1. Enumerate the helices in the chain for which the Kyte-Doolittle hydropathy averages -1.0 or more and the C-alpha atoms extend at least 15 Å along the helix's axis, using complete DSSP H runs.
2. Which of the three applies to region 3-84, rounded, prolate or oblate, going by the alpha-carbon gyration tensor with a ≥ b ≥ c and a/c under 1.5 meaning rounded?
3. What percentage of the solvent-accessible surface of region 3-84, computed with a 1.4 Å probe over protein heavy atoms, is contributed by carbon and sulfur atoms?
4. What's the longest bit of the chain with no exposed GluC sites (Glu not before Pro), using DSSP loop states and at most 15 other Cβ atoms within 10 Å as the test?
5. Treating only the Cβ atoms of Lys and Arg (+1) and Asp and Glu (-1) as charged, compute the dipole magnitude of region 93-167 about its Cα centre; round to the nearest 20 debye.
6. With every protein chain kept in place and ligands, DNA and RNA left out, what is the accessible area per residue of the chain? Probe 1.4 Å, answer in Å².
7. Counting only protein heavy atoms, what percent of the accessible surface of region 93-167 is carbon or sulfur at a 1.4 Å probe?
8. Calculate how many DSSP beta bridges within the chain are antiparallel, expressed in % of all such bridges and rounded to the nearest 5.
Amino acid sequence: MATSLSAGAEVRLRINRSDYVLPIEPRVTLLDALREYLHLNGTKKGCDQGQCGACTVHVDGRRVLACLTLASQVEGRAITTIEGLAINGTMHAVQEAFIRHDAFQCGYCTPGQIMSAVGCIDEGRTGSDSSIREYMSGNLCRCGAYPHIVAAIRDAAQTVDLAKRSAR
Ligand code: FES
Ligand code: FES
């Protein structure tokens, strides 16, 4: 259930390369700030208690659970949501790989899976399928799309690696 929101102190957030000033109480989570105030509904609310990974976003390039993070804790830091992952209309390699591998069914967990997968690749945890499974274990999929999700991450990791090598 959404947190009841009423005006309070101002919190300044930098989300997807844009700045926002929100009149929210200190108890409002980043997840509710994104969904209820900014209507960035790509970040999903599953369990709202840190167990499903549906709310995964990036803060300063690291994956975090938005339902366990207060908006006021990330004031002034660079927040990226699924809406900000594509740059100038070009999808991230992970987004493309999820489409290529049909790595979703209902799609509810998908934004969190993709944000977590980008983190997993950046952390260098994609050396084997078992490593991918372990470092993606915080993201649950009720549809059981796990084999396709792992295949998509394996594929995207190779694409990111090739891009890094050709940029050297
Ligand atoms: S909604 Fe945040 S972990 Fe489930
Ligand atoms: S695709 Fe339905 S919950 Fe993962």
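1. Going by DSSP H runs, the hits are 110-122, 146-167.
2. oblate
3. Numbers: 1790 of 3880 Å².
Percent of accessible area from carbon and sulfur atoms in region 3-84: 46.
4. With GluC sites (Glu not before Pro) excluded where exposed in loops, the chain gives 1-74 as its longest stretch.
5. About 20 debye.
6. Values: 8750 Å² over 168 residues.
Value returned for the chain: 52 Å² of accessible area per residue.
7. C and S fraction of accessible area: 52 percent.
8. Around 90 percent of the beta bridges assigned by DSSP in the chain are antiparallel ones.
The values are calculated or read from the model by the stated rules, or taken from the named source; none is laboratory data. Not measured: the values here are computed from a predicted model. Using ideal geometry, Cβ is built from the backbone for each residue, glycine included, and neighbour counts are taken over all protein chains shown. These area figures cover heavy atoms from the full protein model, side chains too; ligands, DNA and RNA do not enter into them. Shrake-Rupley method; radii C 1.70, N 1.55, O 1.52, S 1.80 Å.
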